[in-house]
Amino acid sequence: MCSDTLWRASNPSIGDLEPDLPRDTFEIFNMDDHYRGSIWFRTKCSTNGSNYFSCETGDCRNGIMECAGINPTYPVTLLNFAVNNPVVSYGVSLVHGQNILVRIQPNGGTLVDGSGPCPMVDCNKELSSVCPLSLIKENKDGQYVGCNSACDVLKDPKYCCNGHGCQPDEISLKYKGLCPLAHTYPGDAKPPFYQCKGADSYAITLCPPL
């Protein structure tokens with residue numbers, strides 16, 4: 001479990017009116033029967049003397065607690081969902097870096113292609129050990145708070161899948177080595193964006209135990 005309070009956010013919004021999640025919190029939230037978007041979690045959020053709300057990672061830059069469908073500042077770990085009831089597709093993405101560790105565990109269900117039960121996906125290791133210095137995100141005190149993607153920072157086509165056939169690069173391969181069940185570069189299809197039907201729910205664990 002995470003040691004600090006986190007703040008949930010989503011785009012499109014799933015109604016994050018009270019998204020702060022203290023340690024050891026259990027929360028149930030619902031999605032529409034037709035939804036395609038991302039959920040993420042913001043860290044070290046606070047309100048300043050001018051009543052402006054901001055976060056060290058995952059901030060939405062609008063000064064209020066609810067992101068209201070605004071994309072986050074990077075780096076951020078994304079939980080991607082595509083809901084087309086009764087089929088739900090899901091995945092963990094490091095395409096825009098990492099700020100927390102996450103796990104998605106379907107409760108029951110089988111894969112649409114009939115190959116087996118709906119699998120767990122996660123990224124349960126910090127990228128800090130392989131994150132290049134140029135991609136490290138630090139807070140105002142110089143402390144490590146996340147690792148960026150090469151595309152977002154360097155803007156080099158070879159990292160952004162522009163004209164290179166969406167092949168992994170040396171940085172995304174390092175990320176994949178630590179988190180093989182997460183997508184680490186644009187176009188990454190290993191593992192696939194799983195399509196699941198019949199699951200009762202999807203458990204999202206933040207900072208899951210090893």
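The values are calculated or read from the model by the stated rules, or taken from the named source; none is laboratory data. A quick note: this is a predicted structure, and the numbers were derived from the prediction, not measured. We place every Cβ from the backbone using ideal geometry, glycine too, and count neighbours over all the protein chains shown. Areas reflect the complete protein model, heavy atoms only, side chains present, ligands, DNA and RNA absent. Shrake-Rupley method; radii C 1.70, N 1.55, O 1.52, S 1.80 Å.
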Legend entry - Fluctuation leader among 43, 184, 77 - the chain, Gaussian network, Cα springs under 10 angstrom: 43
Legend entry - Net charge of Cβ neighbours under 11 Å - reference residue 72; Lys, Arg +1; Asp, Glu -1: +1
Inset, instruction - With just the Cα atoms of region 6-206, tell me how far they stretch along each of the three principal axes, in Å, largest first. - result: 52, 40, 29
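For region 111-210, what does the alpha-carbon gyration tensor say about shape, rounded, prolate or oblate, given a ≥ b ≥ c as the root eigenvalues, a/c under 1.5 as rounded, and a/b over b/c as prolate? Display every interim value, and only then the final one.
Details: a/c = 2.73, a/b = 1.40, b/c = 1.94.
Verdict is oblate for region 111-210.
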Inset, instruction - Enter the per residue convex hull volume of region 72-165, computed from alpha-carbon coordinates, in Å³ rounded to the nearest integer. - result: 148
Inset, instruction - Using only Cα atoms, locate the centre of region 56-132 and the centre of region 142-193, then give the distance between them in Å, rounded to an integer. - result: 14
Legend entry - region 172-188 - phi-based ³J(HN,Hα) in whole Hz, Karplus 6.51/-1.76/1.60, Gly and Pro as x: 5, 5, 5, 4, 5, x, 8, 10, x, 8, 10, 8, 10, 8, x, x, 5
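Let me check I've understood the local charge: for residue 132, count other residues with C-beta under 11 angstrom from its C-beta, Lys and Arg +1, Asp and Glu -1. What total comes out?
The answer is 0.
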Inset, instruction - Along Cα→Cβ, 7 Å out, is where each label goes; now give me the distance between the ones at residue 52 and residue 89 in nm to one decimal. - result: 3.9
Inset, instruction - Sticking with the crude label model, points 7 Å out along Cα→Cβ, report the distance from residue 210 to residue 136 in nm, one decimal please. - result: 2.1
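I'd like the carbon and sulfur percentage of the solvent accessible area for the chain, probe radius 1.4 Å, heavy atoms only, ligands and nucleic acids excluded. Each step should come with its number before you reach the end.
Numbers: 5430 of 10650 Å².
The C+S portion of the solvent-accessible surface of the chain is 51 percent.
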Legend entry - Amide H partners (placed H, <5 Å) of residue 183, local residues excluded: 92, 93, 94
Legend entry - Helical contribution to [θ] at 222 nm, DSSP H n ≥ 4, -39,500 (n - 2.57), averaged over the chain, rounded to 500: -2000 deg cm²/dmol
Inset, instruction - Could you tell me which of 7, 205, 78 has its Cα farthest along the dipole of region 6-206 towards the positive end, charges placed at Cβ (Lys, Arg +1; Asp, Glu -1), taken about the Cα centre? - result: 78
Legend entry - Most mobile of 35, 194, 144 in a GNM of the chain (Cα contacts under 10 Å): 144
Inset, instruction - Would you check region 72-210 for Lys pairs whose C-alpha atoms are within less than 15 Å, ignoring same-chain pairs closer than 8 in sequence, and give me the count? - result: 4
